[in-house]
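Working notes for the structure below.
The values are calculated or read from the model by the stated rules, or taken from the named source; none is laboratory data. Because the structure is predicted, anything quoted here is derived from the model rather than measured. Cβ coordinates were reconstructed from backbone atoms using ideal geometry, including for glycine residues, and neighbour counts include every protein chain displayed.
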Ligand SMILES: [Zn+2]
Ligand SMILES: [Zn+2]
């Protein structure tokens, strides 16, 4: 983590700009960007597209392919349960969806999978990027297609923010993803959304590694999720980073709550505060109540500081292990946020809402400066 990626660098904050007018002489005043704390949920909706180039792939294939399992029913069931939970508490979320999940099916052309898509060349994956794409249909291969779920999310109440997580989960912040690849990925997502009458505004970078913000801006995106400022992210060793993450969750350390910054390319960056960890591997040793305590502390911090507590997870991959327990934990978190909202202490916003709010504030900043 911590890589700036392409164009992932210079940022300015509306809040800081406004504060700068009076900040001189060390007064340090920062105009509050939000009248209340904010609770944001963003979901990386990707099924197998997020893991086919990583060791996690085998784990998910084993889980979903197990004897007696029904991957279609399980994945669709989780999405419907999530939509029902959000409806119960009137909470809107950002569903950053891999573009390939907008498809009901796909097929090879002259023996080539997706010949229209230029390929990313990531050093850790020597095969063709689409090698595992089954080129069949959602019914036959439910872990690679999701048009049925995209339509359900779009039809759900309250109205969710359907965003993008690239077309095929190429890593924007890696040198193996050229501008040409990023452009084709984003353009394809915008086209597929447009066919459904949808304008994409929110983007979540695969593996949370930012890059090619100018491409996002050109295609009309207003906001992207920022990298996590986690203390353990600075460890070079992956093992240490993981151990740090587990300790952080186990001890329910209060998460960072930030304010959005505007990139030099004009895209708002909304930093993430907490990833809701799944209950498999070493993470199953973290009790569900630690996750709830951590998130609750984050919500209260956002209320106190009038900042954003931004919770994120992968709907199907993070909730497929010990599903009932995970849903109970998630419901406690969402219920806490909803209660604080009903008391007037908190607002629930999607990533697109955050960008719209910041644009309005930026207008106010400009007016004040005039
Ligand atoms: Zn395909
Ligand atoms: Zn992802």
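Identify the residue in segment 120-131 that is out of contact with any helix residue (DSSP H, G or I) (no Cβ under 7 Å at 6 or more places or on another chain) and surrounded by 12 or more Cβ atoms within 10 Å (Cβ to Cβ) and, among all such residues, is nearest to residue 207 (Cα to Cα).
To start, the set of residues in segment 120-131 that are out of contact with any helix residue (DSSP H, G or I) (no Cβ under 7 Å at 6 or more places or on another chain) comprises 121-131.
Retained after the next criterion (residues that are surrounded by 12 or more Cβ atoms within 10 Å (Cβ to Cβ)): 121-122, 125, 128-130.
Values: 121: 16, 122: 13, 125: 15, 128: 19, 129: 16, 130: 18 Å.
Out of the qualifying residues, it is 122.
Would you point out which residue out of 64, 34, 102 is on the phi < 0 side of the Ramachandran plot and at pLDDT 95 or above? If you could, list the steps in order and put the result at the bottom.
Details: 64 fails: at pLDDT 95 or above; 34 fails: at pLDDT 95 or above.
Result of the check over 64, 34, 102: 102.
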Q: For segment 257-370, please list each of the strands (runs of 3 or more DSSP E) lying entirely inside it that holds at least 1 residues being surrounded by fewer than 21 Cβ atoms within 10 Å (Cβ to Cβ) and touching a helix residue (DSSP H, G or I) at 6+ places or on another chain (Cβ under 6 Å).
A: none
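Out of everything in segment 92-115 that is in contact (Cβ under 8 Å) with a residue 24 or more places away in the chain and out of contact with any strand residue (DSSP E or B) (no Cβ under 8 Å at 6 or more places or on another chain), what residue ends up being farthest from residue 196 (Cα to Cα)?
Initially, segment 92-115 is screened for residues in contact (Cβ under 8 Å) with a residue 24 or more places away in the chain, giving 92-108, 114.
Filter again for out of contact with any strand residue (DSSP E or B) (no Cβ under 8 Å at 6 or more places or on another chain), leaving 100, 102-103, 106-108, 114.
Working: 100: 14, 102: 10, 103: 12, 106: 18, 107: 21, 108: 24, 114: 21 Å.
Going through the qualifying residues, I end up with 108.
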Q) Which one of 163, 146 is buried (at least 21 other Cβ atoms within 10 Å of the Cβ), in contact (Cβ under 8 Å) with a residue 60 or more places away in the chain and in contact with a helix residue (DSSP H, G or I) (Cβ under 6 Å, 6 or more places away or on another chain)? A) 146
Q. Which residue pairs have Cβ atoms under 7 Å apart, sit 6 or more places apart or on different chains, and have a first residue in segment 121-135 that is in contact (Cβ under 8 Å) with a residue 40 or more places away in the chain and within 16 Å of residue 145 (Cα to Cα) and a second that is assigned to a loop (DSSP other than H, G, I, E, B) and within 16 Å of ligand 2 (Cβ to nearest atom)?
A. 132/52
**Q.** Top-ranked residue in segment 199-242 [being within 11 Å of the chain's Cα centre (by Cα) and part of a helix (DSSP H, G or I); ranked as nearest to ligand 1 (Cβ to nearest atom)]
**A.** 206
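Does segment 225-245 include one or more residues that are modelled with pLDDT of 95 or more and over 23 Å from residue 63 (Cβ atoms)? Lay out the reasoning, then the answer.
Just the residues of segment 225-245 that are modelled with pLDDT of 95 or more, to begin with: 225.
Those left that are additionally over 23 Å from residue 63 (Cβ atoms): 225.
Checked against the condition, which is being modelled with pLDDT of 95 or more and over 23 Å from residue 63 (Cβ atoms), segment 225-245 yields at least one hit.
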Q: Scan segment 347-370 residue by residue and report those that are farther than 16 Å from residue 159 by Cα and either modelled with pLDDT under 80 or in contact with a strand residue (DSSP E or B) (Cβ under 6 Å, 6 or more places away or on another chain) (or both).
A: 355, 358, 362, 363, 364, 365, 366, 367, 368, 369, 370
Q. So which residues in segment 93-108 are away from ligand 1 (no atom under 11 Å from the Cβ) and out of contact with any helix residue (DSSP H, G or I) (no Cβ under 7 Å at 6 or more places or on another chain)?
A. 96
